[in-house]
Amino acid sequence: LRPSRDPEDLSVDDKKDLIKEEYSLAVTATLDYEKAKDEIHSYIVELPAKIEMKDLSKVNRLYAVAQSFLSRITSIEVQGIDNHSRWKRLVDLVEWYIEDQYFKLLTREDIAELTNQKAEAKVRTLLSREYSTLRKFKSKESEAHSFCMMVSAKKKDLASVLTTLGKQVRALSVEQAITRL
């Protein structure tokens with residue numbers, strides 16, 4: 001017999017403990033979004049309007065700086081993806097927990113006697129704390145997703161800058177080779 005990774009195989013208390021543990025991990029892994037955004041927005045590479053042979057070293061330096069920025073943004077992106085996946089998992093776990101409890105409560109004798117509408121209202125009331133938690137986790141997941149999208153956009157922008165700088169370096173190298181002939 002192997003340990004199960006399926007939350008369905010857990011007792012109610014173990015399910016709650018799993019959610020609490022995942023929450024603790026998600027909070028610990030949450031980035032300081034404002035600080036990370038400020039850092040990302042500071043990564044600006046100004047492309048020269050016109051380049052000449054004497055600018056080859058400057059363009060090479062800009063290329064190296066852009067690569068460094070892109071590397072750091074990739075690192076932040078990985079943290080953001082991890083953070084987003086943790087909140088997504090929490091949302092999934094809480095939704096699953098609520099669904100599980102919802103159907104268990106509907107079969108409770110005092111609730112089963114009620115009309116469908118009253119039974120559903122009673123169960124929703126009994127699970128109001130769980131629904132509130134779910135809304136909070138969904139908000140955190142949405143925030144994490146938005147952050148990932150912002151990082152991805154900045155990463156694409158820097159990749160475009162690298163492509164442009166690479167083309168400029170190649171053009172200058174070709175020009176330099178031609179002038180040596």
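Evaluated against (1) more than 30 Å from residue 32 (Cα to Cα); (2) charged (D, E, K, R); (3) free of Cβ contacts under 8 Å to residues at least 40 places away in the same chain; (4) open to solvent by less than 90 Å² (accessible area, probe 1.4 Å), residue 118 falls short on exactly one condition, (4). The one condition from (1) in contact with an Asp or Glu (Cβ under 7 Å, 6 or more places away or on another chain); (2) not in a helix (DSSP H, G or I) that residue 114 does not meet is (1).
Filtered by the rule that a residue be modelled with pLDDT of 80 or more, among the charged types (D, E, K, R) and within 12 Å of residue 168 (Cβ to Cβ), segment 42-60 gives a lone residue, 58. Within segment 20-47, restricting attention to residues that are free of Cβ contacts under 8 Å to residues at least 40 places away in the same chain and under 16 Å from residue 165 (Cβ atoms), the residue that is least open to solvent (accessible area, probe 1.4 Å) is 44.
Taken residue by residue, segment 150-161 has at least one member that is in contact with a His (Cβ under 9 Å, 6 or more places away or on another chain) and modelled with pLDDT of 95 or more.
The values are calculated or read from the model by the stated rules, or taken from the named source; none is laboratory data. None of these values were measured; they are calculated from a predicted model. All Cβ positions, glycine included, derive from the backbone under ideal geometry; neighbour counts span all protein chains shown. We work out accessible area using only protein heavy atoms, side chains counted, and drop any ligands, DNA or RNA first. Shrake-Rupley method; radii C 1.70, N 1.55, O 1.52, S 1.80 Å.
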